[in-house]
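The values are calculated or read from the model by the stated rules, or taken from the named source; none is laboratory data. Because the structure is predicted, anything quoted here is derived from the model rather than measured. Glycine gets a Cβ as well: all are built from the backbone with ideal geometry, and neighbour counts include every protein chain shown. Note: accessible area is taken over every heavy atom of the protein model, side chains too, but ligands, DNA and RNA are not part of it. Shrake-Rupley method; radii C 1.70, N 1.55, O 1.52, S 1.80 Å.
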Amino acid sequence: MQDNTFRIMSMSALDETMQRLQELHRQDTEVKQRADAQRDQIKRWEDKERGKLKEEIEYQDSLVQDFHSRLLLEDPKKKTLSTPFGKSKSRYSKAAPEQVDKDAILAHIQENNMRDFIKEEAKWGDFKKTLTVAELEGAPVVVDENGQVVPGVVVKPEAINYSVEITD
């Protein structure tokens with residue numbers, strides 16, 4: 001931030017400052033657009049080049065996997081094949097549950113009264129809408145619909161926020 005030796009003292013000075021801000025925002029947008037165009041071009045080139053390499057990598061990986069799987073059939077102890085250029089590792093995993101539909105799982109748990117598997121959490125956004133700021137013994141407090149002080153909630157003090165909007 002620059003030293004604030006200049007101060008706006010009139011509406012005409014405000015007009016000039018807003019015009020300067022408008023021009024600066026226009027220049028900033030132009031710089032971003034030019035950079036985005038370059039990024040887009042580089043990204044297209046990268047995607048094209050890496051796409052070719054990815055296909056070749058997948059093909060070479062499949063050759064290694066095929067060879068390793070044939071060796072495992074002959075000798076189940078050959079879980080790792082080591083070369084000076086890298087390793088091929090195999091790992092056996094047992095059948096295991098995998099979550100695909102959270103809602104169906106939750107419904108099953110609720111229908112079967114398996115409460116130990118349900119995590120309860122306050123719906124803060126909805127609850128907050130029902131709260132009010134009140135004063136108790138000269139201090140601001142937060143109360144619920146019943147007038148009860150809500151523990152764990154504090155009053156955020158009023159503040160004025162400023163923003164500058166520039167028209168195009």
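Anything over 21 Å Cα to Cα? Flag those among Lys102/Lys123; Lys123/Lys156; Lys54/Lys79; Lys52/Lys89, in the order listed.
Working: Lys102/Lys123 19 Å; Lys123/Lys156 19 Å; Lys54/Lys79 25 Å; Lys52/Lys89 25 Å.
Check vs 21 Å cut-off fails for Lys54/Lys79; Lys52/Lys89.
Ignoring ligands, DNA and RNA, what percent of the 1.4 Å accessible area of region 1-159 is carbon and sulfur?
Numbers: 8180 of 15540 Å².
Accessible surface attributable to carbon and sulfur in region 1-159 totals 53 percent.
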Exercise. In degrees, nearest 10, range 0 to 90: what is the angle between the Cα axis of helix 11-74 and the longest Cα principal axis of the chain?
Worked result: 10 degrees
For this session: Between the alpha-carbon centers of region 20-73 and region 106-165, tell me the distance in whole angstrom.
Result: 44 Å
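Please return the longest range in the chain lying between exposed loop sites, taking chymotrypsin sites (Phe, Trp or Tyr not before Pro), DSSP loop only, at most 13 other beta-carbon atoms within 10 Å, and leaving the sites out.
Working: sites that count: Phe6, Phe85, Tyr92, Tyr162.
Counting only loop sites that pass the neighbour cut-off, the longest clear stretch is 7-84.
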For this session: Please turn the phi angles of region 109-126 into ³J(HN,Hα) values with the Karplus equation 6.51 cos²θ - 1.76 cosθ + 1.60 (θ = phi - 60°), one per residue in order, whole Hz, x for glycine and proline.
Result: 5, 5, 4, 9, 6, 9, 4, 5, 9, 10, 9, 9, 8, 5, 8, 4, x, 6
Problem set entry | Options Gly51, Pro151, Gly125, ranked by Cα towards positive dipole end of the chain, top entry (Cβ charges) | Gly51
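Given R₀ = 45 Å, what would the calculated FRET efficiency be for Met114 paired with Met18, taking r from the Cβ atoms and rounding to 0.05? Write down the numbers at each step before the final one.
On the way: r = 62 Å, r/R0 = 1.38.
Using R0 = 45 Å, I get an efficiency of 0.15.
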Exercise. Which loop trypsin sites (Lys or Arg not before Pro) in region 1-81, with loop taken from DSSP, have no more than 16 other Cβ atoms within 10 angstrom of their Cβ?
Worked result: Arg7, Lys77, Lys78, Lys79
For this session: Can you pull the one-decimal nm distance between simple spin-label points at Ile42 and Lys79, each 7 Å off the Cα toward Cβ?
Result: 4.4 nm
For this session: Under a 10 Å cutoff between Cα atoms, tell me which one of Leu24, Leu81, Leu106 has the largest fluctuation in the Gaussian network model of the chain.
Result: Leu106
